[in-house]
1. HN-Hα J couplings of the stretch 152-161 from phi, Karplus 6.51/-1.76/1.60, θ = phi - 60°, integer Hz, Gly and Pro as x?
2. Long-range amide H contacts for residue 696: which residues qualify at under 5 Å (H placed 1.01 Å from N, peptide plane, sequence gap of 5 or more or a different chain)?
3. Over 19 Å between Cα atoms: which of 104/280; 44/64; 104/679 fall into that group?
4. Just the projected area, averaged over all directions, of the convex hull on the alpha carbon atoms of the stretch 489-604: how many nm²?
5. Using alpha carbons only, what's the Rg to Rh ratio of the stretch 151-271 with Rh from Kirkwood?
6. Considering every pair of different Cα atoms, what Kirkwood radius, in Å, is found for the stretch 506-555?
7. Going Cα to Cα from residue 571, which lysines come in below 30 Å? Please leave out same-chain ones fewer than 8 positions away.
8. Apply the Kirkwood formula to the stretch 441-509: the hydrodynamic radius equals the inverse of the mean of 1/r over all pairs of different alpha-carbon atoms; give it in Å with one decimal.
Amino acid sequence: MNLVAAEHLRQIGKPVPRLDGGPKVSGQTRYTADVVLPGMAWGKCLRSALPHARIAHIDTAEAKRVKGVLAVLTAADVPRRLFGRMLKDTPVLAQEKVRFAGEKIAAVAAESLEAAEEALDLIRVEYQELEAVYDPVAAMSPGAPILHEQLKSYRNLRLPLPDIPNVHSHVQLTVGDAEEGFADSDLVFEQTFTTQRVHHGYLEPHAVLVSIDGSGRILVWYPAKGPYAARQQFAEWLGVADSDIVFQLSPVGGDFGGKGSLMDVPICYCLAKATGRPVKMVMSYFEELTAANPRHPSIITIKSGVKRDGRLWARAVKAVFNSGAYAGFKNNETINLPGSRHGAGAYRIPNVKIDAYSVYTNSVPSGIMRGPGEAQIAFAVESHTDHVARGLGIDPYEFRCINVLKRGDRLPYGMRLESDLGKELLKRLAALRWHSSQNKAPYVGRGMALCVREISLGEANVEMGVTDEGAVYILTTVPDTGTGAHTIFRQIAAETLGLPGDVIEVRLGTTDSFPTDAMVAASRVTYVAGQATRSAALALRELMLEKAARSFGCNRDQVRIINGGVHAGGKRTLSFAELAARSRSRGRVLAVRGNYKVQERSGAASFFAQAAEVAVDPETGAVKILKLLSVHDVGTIINPLTHQGQVEGGLIQGLGFALTEDLADQDGRVIAANLGEYKLPSIMDLPRHQTLLVQDLDGPGPFRSKPIGEHSAVPTAPAIANAIYDAIGVRITDLPITAEKVYYAWKERQRTGDPLRAGREPEDGDRRKQPGRERRCRSI
């Protein structure tokens, strides 16, 4: 599983324990909810019980009389400006109407949490209920209720939009001519897949503390994955300069994409301004599950044209994402959910058309989650890949080998691929015989899924220096969201400086520290922030050697950094503290800054695959995962411990997406509104797992490393679905794959004996395309 780093590397490639491990398990780590300021008040919000209604009247008189209540605010008391990560469509408090059950209507600040909650119970709201729509396809239909009548006035709306009700984003990607490609195909397959709403499942709920100092400067404690992006959003909403706001970096108790929006920051600020006190707000898990920003449910239709020899020739993808009531929790409206760009999968298809729609409904607003849109698309694409292969009578593994992307191929969004490692991953799977369905017990099946992902863009800044006491430090404003990023930074710096890692301190700055910094997203932290750290460490090393050489009166080439000091042979030795003091006396502090910025995609990419072995009980439909295999195209692994943690953590999230997690609603109200009913995988659900790493010697990160963060979460669900089909000949196209779905699909197959209706792929004799018409293969 581990790859051995080059022999000359001393820190890189070592399983160094995480810096944050001890403080977290001992309870010393102070999260946002743990911060207490003098005179601090508590804030809470009243939320709508209806999914769509006009607000006729709000009576707050009784609430204001509760002892300890300091302020009660409604939409009339806060700025009417809308906010959002990209599209500005979200009000601080519901204005004329509510658009989902759980939307904030009023806010209370009180001296105690109990007083705030008592006041909420006394606020009276009169509604005029409106027709609601929960299904995105229904929301796109003529005559559907319009949720945002003023959509075209919203800032950052991407135009033009199709004339379709409630669509706030439509993106189309094309390669070649899809229609001509279908006409030239020998066989055409079409399927529709659906995926569910999923919560991130982080341990730390959203929390925020806002204080306004005597000069009017706004201080914010908030577990933001991107403090600078959050500050920019907040400043835009307030209409002030970024410099008027300071985000204090707080430890982040899990993110997985969910902590990139402002959430309660604007209303917390309004309460702080109204009371003249610092105000803290902490969401309960009921609020998290019913009103945060979960993964988008989706409906994805894929049509593929193939040649008789197995070559994919044309593809049309229509992806409809349920945005819920607001789109402000997404960060890039120009490409919809970025995962939609992977509609062609890891395969060369000369003619492709991808249409992705984001649609308003009266449901919980959806946001970004690990592999945004990619997990949904991968489930559809890789399930469909198996379906097409079996329809052609070709082994699914061999079908992938025929069509896998190669160096020089272009992806649907224009990037030219510079990797052939997709073929190598498939070869490794073949060597382990994970693709083979031979020699297995009844009702046991094996399935796989293959994906590709390009390396992301970004910019990062780091400061490194030596204190007067001789300590070496790294100053960063990139949060460690639980991935071990700060441990990685320290290893990179230690390797570059030739020091033991434990002598380097990692410090957290604020948004005053740098002009900007990287957001924890898109598997890019080690890439951009790691390269910035290496750049700073190299610059610090050169500065120290130069200053030491000047002090010793020798050539810079004669100076070495050894064991926490600088040496020039003989007895010429200076400690870091002495070197820092001498440098300071000459007017130069031993501190430097490193910056790394990636603006264009290089063609570097990572291939990754998941294979699953399952057993299905046809009497109950229960699915047991016997074993999972993760295969990853990697570069130099900086820390095998944290690297494997990312592999296994993503796999567990993929397992929940595949089998257990479903933030379902009924008439717009979330049913699983607590963690007892919302089934996150536990240790009892985890199967045997093996990781196989295929090394790329040309990674773009520091020491030729490559990303890993989101990869294993993406292909897990389709690998399991394909294994279930291999076990019992039933294809489930609707996540999560529950025992009930498997049981009834199996019974339908038994009842009808129709392989198409029951989910079995067509027999060889059914595969010919009739002249002048398409043969479409259906499955459950």
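The values are calculated or read from the model by the stated rules, or taken from the named source; none is laboratory data. All figures in this text were calculated on a predicted structure; none of them were measured in a lab. With ideal geometry, Cβ positions are generated from the backbone for all residues, glycine too; neighbour counts draw on all protein chains shown. Heads up: the accessible areas ignore ligands, DNA and RNA and are worked out on the full protein's heavy atoms, side chains in. Shrake-Rupley method; radii C 1.70, N 1.55, O 1.52, S 1.80 Å.
1. Per residue, the Karplus-derived 3J(HN,Hα) values read 5, 8, 6, 5, 6, 5, 8, 10, x, 10 Hz.
2. HN-HN under 5 Å from residue 696: 634, 635.
3. The pairs that break the limit, which is 19 Å between Cα atoms, are 104/679.
4. 9.2 nm²
5. Radius of gyration over Kirkwood radius for the stretch 151-271 works out to 1.16.
6. For the stretch 506-555, inverting the mean 1/r across all distinct Cα pairs yields 13.3 Å.
7. Counting by Cα, and skipping residues close in sequence, residue 571 has these lysines nearby: 547.
8. Hydrodynamic radius (Kirkwood, Cα pairs) of the stretch 441-509 is 15.2 Å.
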